[in-house]
């Protein structure tokens with residue numbers, strides 16, 4: 001089993017309220033879940049209007065497939081017009097067996 005996660009630190013320049021921020025972040029998170037069958041959630045910067053931290057995780061039988069899925073996820077997030085990606089951080093979870 002292979003598992004990995006990627007975290008996106010996002011800036012939403014047009015957001016002037018938490019409601020406006022969530023109207024941008026929610027479709028991204030739901031799109032990731034629907035399109036790529038991954039676990040995705042807003043995991044940080046909950047009370048900041050123009051910042052969001054989105055975490056995405058996936059599990060597969062091969063490391064190559066996990067890498068391919070996360071590559072697609074990154075392209076999807078980077079292609080969103082209403083956000084700026086400040087940073088990404090990918091981490092692999094080791095299988096103890």
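Only helical DSSP H runs with n ≥ 4 go in: add -39500 (n - 2.57) per run for the chain, normalise by residue count and round the 222 nm mean residue ellipticity to 500 deg cm²/dmol. Before the final figure, lay out the partial values.
Numbers: 2 runs with 35 residues, N = 97.
Calculated mean residue ellipticity at 222 nm is -12000 deg cm²/dmol.
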## Note on the structure
Simple spin-label estimate for residue 78/residue 90, 7 Å along Cα→Cβ, in nm, reads 1.0 nm
#### Entry: Nearest 10 degrees, 0 to 90: helix 18-36 Cα axis against the chain principal axis
20 degrees
### Modelled FRET efficiency - R0 25 Å, residue 9 with residue 34, Cβ distances, 0.05 increments
0.65
#### Entry: Residue of 70, 32, 18 that the Gaussian network model of the chain assigns the largest fluctuation, springs spanning Cα pairs under 10 Å
18
### Query
For all pairs of alpha-carbon atoms in the chain, what percent lies in each bin of width 10 Å, listed from the first bin to the last filled one?
17, 49, 25, 8, 1
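Just so you know, all these numbers are worked out from the coordinates, no wet-lab data involved. Note that the structure is a prediction, hence the values are computed from the model and not measured. Here Cβ is always computed from backbone atoms with ideal geometry, including for glycine, and neighbour counts include all displayed protein chains.
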